[in-house]
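Asker: The structure under discussion is supplied below as structure tokens; questions concerning it will follow.
The values are calculated or read from the model by the stated rules, or taken from the named source; none is laboratory data. Given the structure is predicted, the values throughout are model-derived calculations rather than measurements. All Cβ positions, even for glycine, are placed from backbone atoms using ideal geometry, and neighbour counts span all protein chains on display. In case anyone asks, the SASA skips ligands and DNA or RNA and just uses the protein heavy atoms, side chains included. Shrake-Rupley method; radii C 1.70, N 1.55, O 1.52, S 1.80 Å.
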Amino acid sequence: MRRPLLTFAVLLTLAIGSLGAGTAHTPPLPDRMADTGGGSQLITAEAPDTGSTTGTVTWWERRGGRWAEAGSAPARFGANGLAEGATREQGTSTTPTGLYDLPYAFGIEEAPAGTRYAYRKVNEDSWWCQDNASASYNRWVEPRPADCRADEAEHLVSYGTQYARALVIGFNYERPVRNRGAGIFLHVNGRGATAGCVSVPADAMAEILAWADPEREPHIAVGTTSGPTAITRY
């Protein structure tokens, strides 16, 4: 009787080992990324592929030396999907992929309780200049300067739903490259896909603003699940 019992024990051990290998723990997304910006907070905006207009936004934070998910929400991207941020062209309705800082927040509505980010309130004179010929290209202007044409700028107060609350994404912001793109934000969902921004439901946007702490240097990574624009490459 000893031999069959021994054989059974061996088979059971192999089966358990096989099961464990099949359910091996996958490291959280930030641990699989090339860079997270150096801070202890991170927002990821991931789409299945470059042709996608929907995906997932997840916000993460370091807890006890490890990345942990703090929240998640369905996301929307540009009407024409996503494009590599380093070569993206303005007017293509694509969301730029890459890793970016988050300079400041703004909105038509008041900031959510607990917001620690600098929060700029939109008024009738608030515009975002997208005019390539303007000295204020890819900047908030108030009022709109003469060299920034109205048809090449966004009158922020006109987007009552989308810009109820938002975070500026630092794409092409620090040293703007003309024709690369302007006015890329993380904002509240409108009716459908965006013109190049990332959007989330209103309650998720409020939660993100109450969670984000500029002292923890949060960044946003935008990318696809795999391929040349995989979020893990940024």
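Asker: Only one of Gln130, Gln162 is farther than 22 Å from Leu209 by Cβ, crowded, with 18+ Cβ neighbours inside 10 Å, at pLDDT 95 or above and not β-branched (Val, Ile, Thr). Can you tell me which?
Answerer: Of Gln130, Gln162, the one residue that is farther than 22 Å from Leu209 by Cβ, crowded, with 18+ Cβ neighbours inside 10 Å, at pLDDT 95 or above and not β-branched (Val, Ile, Thr) is Gln130.
Asker: Out of the residues in the stretch 223-234 meeting the condition of being in contact with an Asp or Glu (Cβ under 7 Å, 6 or more places away or on another chain) and assigned to a strand (DSSP E or B), tell me which one is farthest from Gly170 (Cα to Cα).
Answerer: Thr224
Asker: Let me ask another. For Ala68, work out the one condition from (1) open to solvent by less than 50 Å² (accessible area, probe 1.4 Å); (2) assigned to a loop (DSSP other than H, G, I, E, B); (3) of a type in the set (Gly, Ala, Ser) it doesn't fulfil.
Answerer: Unmet for Ala68, out of (1) open to solvent by less than 50 Å² (accessible area, probe 1.4 Å); (2) assigned to a loop (DSSP other than H, G, I, E, B); (3) of a type in the set (Gly, Ala, Ser): (2).
Asker: Out of everything in the stretch 198-222 that is part of a helix (DSSP H, G or I) and among the aliphatic types (A, V, I, L, M), what residue ends up being nearest to Asp35 (Cα to Cα)?
Answerer: Once the filter is applied, the top-ranked residue is Ile208.
Asker: Count, please, the residues in the stretch 84-116 that happen to be under 17 Å from Ser199 (Cβ atoms) and buried (at least 21 other Cβ atoms within 10 Å of the Cβ).
Answerer: Summing the residues that are under 17 Å from Ser199 (Cβ atoms) and buried (at least 21 other Cβ atoms within 10 Å of the Cβ) in the stretch 84-116 gives 9.
Asker: While we're here: Could you check Thr58 against (1) in contact (Cβ under 8 Å) with a residue 60 or more places away in the chain; (2) open to solvent by 10 Å² or more (accessible area, probe 1.4 Å); (3) of a type in the set (Ser, Thr, Tyr) and say which number it fails?
Answerer: (1)
Asker: Go through the stretch 98-130 and report how many residues are polar (S, T, N, Q), more than 25 Å from Leu82 (Cβ to Cβ) and touching an Asp or Glu at 6+ places or on another chain (Cβ under 8 Å).
Answerer: Adding up the residues that qualify gives 2.
Asker: Right, next: Restricting the search to the stretch 143-177, which residues are of a type in the set (Val, Ile, Thr), more than 24 Å from Gly98 (Cα to Cα) and touching a strand residue (DSSP E or B) at 6+ places or on another chain (Cβ under 8 Å)?
Answerer: Thr161
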